[in-house]
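Notes follow once the structure below has been shown.
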Amino acid sequence: MPYITFMQRTCLSLVCLLLCLITTAQFTVSDNKRFLLRNNAPFFYLGDTGWELFHRLNREQADYYLKRRSEQGFTVVQAVVLAEFDGLHTPNAYGDLPLENDDPAKPNEAYFRHVDYIIDKANEYNIVIGLLPTWGDKVFKSTWGKGPEIFTTENARQYGQWLAKRYRNKSNIIWITGGDRNPSNANDVAIWNSMAEGITAGYGTGTKPLITFHPQPNQYGSAEWFMKEDWLSFNMFQNGHCRNAPVYDKIQAVYNMTPVKPVMDGEPLYEDHPVCFNAKELGTSNAYDVRLYAYLDVFAGAFGHTYGCHDIWQFYSPYREAVNGPHIYWQEALELPGALQMQHLKKLMLSRPFLERVPDQSLIAEDHYGPAERIQATRGKDYAFIYTAAGKPFTVNGGKISGSRLKANWYNPRNGATISTAETINKGKLHFTPPTSGYGQDWVLILDDATKQYKLP
């Protein structure tokens, strides 16, 4: 063996430490506290709810799912370690349970090797895992979920710290506590705080992991309980799986809170989901339903958005118990039109300076329509995007962005195509009529300072 000097060993140790810090510090919040960065570059969070990924899929299936979502432009998959569907007592695809005797202090190594594999495979496809340590029924069982309630403030911190130590050197982890459960009392709040503090402690000094909280529908999302907690990196909402819910107003309200933190909808109305859990009277959701909320929420100030599909979150198959009437197996559901259309939103948002974007309804005169016909506006210094949910005409108040003249283009959220229109002056009342109108005929008007020569998305 070659002789290694003390200085060489010291240098090697410093290099290893530096590489570790670079890896774990990959995700940060932007200086203006509105967006996420990855390696100091804008990161558009385009998520999918693969809640049962670790629990229900084998390695070959997980590979297929992650590869396809990567090809479709998704950047995040939200998945749960201690899963919803009797995740403590029904084993994974290889017959392994996550814990010994339901004890968070006794994780089963075999189960977590499968979690390791999926996280690493996701990284190969440039997919970030929005990692939920547990579904919420293990803290508060409520009226559904099999539980059991296994967490205390003490073992929640221990479990969070153990997980963080295991995954702190993974470059593709964002942490999500909560698991579809609002705290029922102060003790629940304390448990979630303790778990998040454990995750933070597991990273050690000098590195702050990104952590959020996934709630049930409520007025202020995660901000309801944790806004002022140092561990909460960004806020998350759930909209409740109903049509025509003004989630954009809730996002705007939290956007305006202090301390300033990024905000997003982490569980919108899923594609192919019973609307308000009442398929008999309200039917099931479609691509337009999920597209509508994606654009309204992001334009209202969200830094990203999570898509979801009813057939996929549970990975519906002939071999698994079905929940709330899924229609098709998850492999087929990967190709539903709403999922394929999400990439157009990401492409649009990243086509212009992302970190300077703000919501701004003063751009438009028509600010009174409900969700089905909503017109929502967002802008940077020299560009603006205006979404019209049903193709209704609208009036733009000129002079809100730079430039004496504006280039105008219509962007089709259904296929990502653009239709150019004539340049216009940037003052006074500017009237625009989309190419089509009616149900499902949503459009985005792109306005650019004509001197900037921005490329079309």
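Odds and ends about this structure:
- Criterion (of a type in the set (Gly, Ala, Ser) and within 19 Å of GLY416 (Cα to Cα)) met by exactly one of ALA333, ALA287: ALA287
- Residues being surrounded by 16 or more Cβ atoms within 10 Å (Cβ to Cβ), modelled with pLDDT of 95 or more and polar (S, T, N, Q) are entirely absent from the range 362-375.
- Among the residues of the range 47-61, those identified as in contact with a His (Cβ under 8 Å, 6 or more places away or on another chain) and surrounded by 23 or more Cβ atoms within 10 Å (Cβ to Cβ) are GLY47, PHE54.
- Only one of LYS392, LYS427 that is of a type in the set (D, E, K, R), in the same structural domain as GLN376 (by TED's automatic domain parsing) and more than 30 Å from the chain's Cα centre (by Cα): LYS427
- Residue among MET257, MET236 that alone is assigned by TED's automatic domain parsing to the domain that holds SER30, in a strand (DSSP E or B) and in contact (Cβ under 8 Å) with a residue 12 or more places away in the chain: MET236
- For the range 198-223, a residue qualifies if it is out of contact with any Asp or Glu (no Cβ under 9 Å at 6 or more places or on another chain), surrounded by fewer than 16 Cβ atoms within 10 Å (Cβ to Cβ) and under 22 Å from MET257 (Cβ atoms), and exactly one does: GLN219.
- For the residues GLY160, GLY145, the requirement of being small (Gly, Ala, Ser), in the same structural domain as THR75 (by TED's automatic domain parsing) and at pLDDT 95 or above singles out GLY160.
- Restricting the range 313-338 to residues that are touching a strand residue (DSSP E or B) at 6+ places or on another chain (Cβ under 7 Å) and within 18 Å of CYS242 (Cα to Cα), the residue that is surrounded by the fewest Cβ atoms within 10 Å (Cβ to Cβ) is ASN324.
- Within the range 321-333, residues that are under 21 Å from ASP86 (Cβ atoms) have Cβ atoms under 6 Å from residues that are modelled with pLDDT under 90 and among the aromatic types (Phe, Trp, Tyr) in no pair, counting only partners at least 6 apart in sequence or on another chain.
- Close contacts from the range 423-449, counting a first residue that is surrounded by 15 or more Cβ atoms within 10 Å (Cβ to Cβ) and a second that is of a type in the set (D, E, K, R) and at pLDDT 95 or above, with Cβ to Cβ under 6 Å and a gap of 6+ residues or different chains, come to ASP448/LYS407; ASP449/ASP382.
- Helices (runs of 4 or more DSSP H) within the range 283-384 that include 2 or more residues within 20 Å of SER30 (Cα to Cα): 287-299, 337-349
- A count restricted to the range 100-137 and to residues that are touching a strand residue (DSSP E or B) at 6+ places or on another chain (Cβ under 7 Å) and charged (D, E, K, R) stands at 1.
- Number of the exception - TYR248 against (1) under 25 Å from ASP137 (Cα atoms); (2) buried (at least 21 other Cβ atoms within 10 Å of the Cβ): (1)
- Close pairs (9 angstrom Cβ cut-off, 6 or more residues apart or separate chains): farther than 17 Å from LEU355 by Cα and touching a residue at least 60 places away in the same chain (Cβ under 8 Å) in the range 295-311, crowded, with 24+ Cβ neighbours inside 10 Å and of a type in the set (Lys, Arg) anywhere: LEU296/ARG374
- The range 411-446 - residue that is of a type in the set (S, T, N, Q) and assigned to a loop (DSSP other than H, G, I, E, B) and, of those, nearest to PRO393 (Cα to Cα): THR433
- PRO457 being of a type outside the set (D, E, K, R), part of a loop (DSSP other than H, G, I, E, B), touching a Leu at 6+ places or on another chain (Cβ under 7 Å) and not assigned by TED's automatic domain parsing to the domain that holds SER30: yes
Residue by residue, here is whether (1) on the phi < 0 side of the Ramachandran plot; (2) of a type outside the set (A, V, I, L, M); (3) modelled with pLDDT of 95 or more holds:
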| site | (1), (2), (3) |
| --- | --- |
| VAL275 | yes, no, no |
| GLU281 | yes, yes, no |
| ALA294 | yes, no, yes |
| HIS305 | yes, yes, yes |
| TRP313 | yes, yes, yes |
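- The residues of the range 106-161 that are under 19 Å from the mean Cα position of the chain (by Cα) and among the hydroxyl-bearing types (Ser, Thr, Tyr), listed by number, are TYR125, THR134.
The values are calculated or read from the model by the stated rules, or taken from the named source; none is laboratory data. All values reported here derive from a predicted model rather than from experimental measurement. In this analysis, Cβ positions are derived from the backbone assuming ideal geometry, glycine residues included, and neighbour counts consider all displayed protein chains.
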